Amino acid sequence: MTARLQDKVALICGAGSIGPGWGNGKATAATFARAGAKVFCVDLNMDAAAETAAIITGEGFEATAHAADVSDEAAVADMVAACVAKYGRVDILHNNVGIASLGGPIDTTLAQWERVMRVNVTSMFLTCQAVIPLFLEQGGGAIVNVSSLSATKAARPELAYATSKGAVNALTINIAMEFADRNIRCNALVPGLINTPMVADAMKDIYGDGGMETMVAARDAISPTGRMGEGWDVAYAALFLASDEARYINGMLLNVDGGLQHKITSGKG
Ligand code: NAD
């Protein structure tokens, strides 16, 4: 049986992780490579991109590390050119970059708001704008954007983050509809509570540096399954959406949340 992403070139933005362990982007890069893709691992932090690429090549699969700030238009153009120079094409664009930000409408500063919008939304606009012309030339392609359940469920004050993810949902649907007749699909993953280094970092202001066990226990308890998800859960969903198996799935906002969307809950999650 052919590997699910055999000979595909996957451009993964945010392929590193901000801490030790497996974040969503890092797990997705490894999963795509194990499924046969050539993976172009992009991250703001070159060491993080290189770590992911080294894991992949160490397993005998194909990966290249590249440093870029995907909220910068020129850097995005260079990134796409570098991927094409290395692998000749782009078949999959995986937009994982996103930063957390706590705060409500009164305490969120304008600078914080603009940074979150720039990194979480403008980056996806820029990467899609740079890659879609290639997809059109090549006769198709798949985009997977990483959104969040925060777009539609308010667990804690995180106005800028939640609003940015709502915009990711809208961006996804609009791109999906515009190019549906040209073999370009655009879908989003909507993770719920996932146990990743990013969450540990974002939540330390709520739980304190020593409060990680409390944080994990609280988030596990909120999850309908009794445990948070892992980066691998997001990665396997990404694998499906990126693969040709999902050829008739377009404009989908796919929850990866263990059913959390259906639960009435409270608490600071
Ligand atoms: P992560 O923070 O470990 O990895 C993201 C990577 O993106 C980092 O290595 C970081 O250096 C990089 N990055 C940040 N800004 C960048 C920029 N401007 N240009 C290029 N790279 C940049 O996080 P992760 O675990 O891989 O997951 C992140 C995604 O998952 C985000 O979009 C986040 O909103 C989403 N998400 C996470 C959860 C959760 O509970 N963990 C829930 C919902 C959604």
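The values are calculated or read from the model by the stated rules, or taken from the named source; none is laboratory data. Because the structure is a prediction, the values reported are computed rather than measured. Here the Cβ positions follow ideal geometry from the backbone for every residue, glycine too, while neighbour counts run over all protein chains shown.
Observations on the structure shown:
- Any hit, the stretch 13-25, residues being farther than 28 Å from Met203 by Cβ and in contact with a helix residue (DSSP H, G or I) (Cβ under 8 Å, 6 or more places away or on another chain): no
- Flag if Thr225 is modelled with pLDDT of 95 or more and of a type in the set (Val, Ile, Thr): yes
- Filtered by the rule that a residue be away from the ligand (no atom under 14 Å from the Cβ), farther than 14 Å from Ala27 by Cβ and crowded, with 19+ Cβ neighbours inside 10 Å, the stretch 38-60 gives a lone residue, Lys38.
- Given (1) exposed (fewer than 13 other Cβ atoms within 10 Å of the Cβ); (2) of a type in the set (Ser, Thr, Tyr); (3) within 15 Å of the ligand (Cβ to nearest atom), index of the condition Thr196 fails: (1)
- Criterion violated by Gly229 - all others in (1) within 23 Å of Arg4 (Cβ to Cβ); (2) in contact (Cβ under 8 Å) with a residue 40 or more places away in the chain satisfied: (2)
- Remark: Gly104 falls outside the filter, which requires a residue to be within 24 Å of Arg247 (Cα to Cα), touching a residue at least 40 places away in the same chain (Cβ under 8 Å), among the small types (Gly, Ala, Ser) and loosely packed, with under 15 Cβ neighbours inside 10 Å.
- Members of the stretch 226-241 found to be in contact with a Lys or Arg (Cβ under 8 Å, 6 or more places away or on another chain) and outside any helix (DSSP H, G or I), listed by number: Met228
- Taking the conditions (1) under 22 Å from Ala100 (Cβ atoms); (2) at pLDDT 95 or above; (3) surrounded by 20 or more Cβ atoms within 10 Å (Cβ to Cβ) in turn, Met215 satisfies each one other than (2).
- In the stretch 12-29, the residues that are more than 6 Å from the ligand (Cβ to nearest atom) form Cβ pairs under 6 Å with partners that are at pLDDT below 95, at six or more places apart or across chains, as follows: Gly19/Pro197; Gly21/Pro197.
- Hey, Met203 within 12 Å of the ligand (Cβ to nearest atom) and either under 24 Å from Glu137 (Cβ atoms) or of a type outside the set (Phe, Trp, Tyr) (or both) or not: yes
Yes/no matrix, rows are residues, columns are (1) more than 13 Å from the ligand (Cβ to nearest atom); (2) among the hydrophobic types (A, V, I, L, M, F, W, C):
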| site | (1), (2) |
| --- | --- |
| Thr108 | yes, no |
| Gln112 | yes, no |
| Thr127 | no, no |
| Leu134 | yes, yes |
| Pro157 | yes, no |
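- Sole exception among (1) under 16 Å from the mean Cα position of the chain (by Cα); (2) small (Gly, Ala, Ser); (3) buried (at least 24 other Cβ atoms within 10 Å of the Cβ) for Ser71, by number: (3)
- Total residues in the stretch 136-153 satisfying the condition of being within 15 Å of the ligand (Cβ to nearest atom), crowded, with 21+ Cβ neighbours inside 10 Å and among the small types (Gly, Ala, Ser): the figure is 3.
Residue-wise test of (1) under 23 Å from Asn169 (Cα atoms); (2) in contact (Cβ under 8 Å) with a residue 40 or more places away in the chain.
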site	(1), (2)
Ile184	yes, yes
Leu189	yes, yes
Ile194	yes, yes
Asp205	no, yes
Ala242	yes, yes
Ile249	yes, yes
Asn255	yes, yes
Gly258	yes, yes
His262	yes, no
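- Between Thr214, Thr163, Thr172, Thr196, the distinction of being farther than 29 Å from Leu136 by Cβ and out of contact with any helix residue (DSSP H, G or I) (no Cβ under 7 Å at 6 or more places or on another chain) belongs to Thr163 only.
- Breaking point among (1) touching a residue at least 24 places away in the same chain (Cβ under 8 Å); (2) surrounded by fewer than 20 Cβ atoms within 10 Å (Cβ to Cβ), for Glu178: (1)
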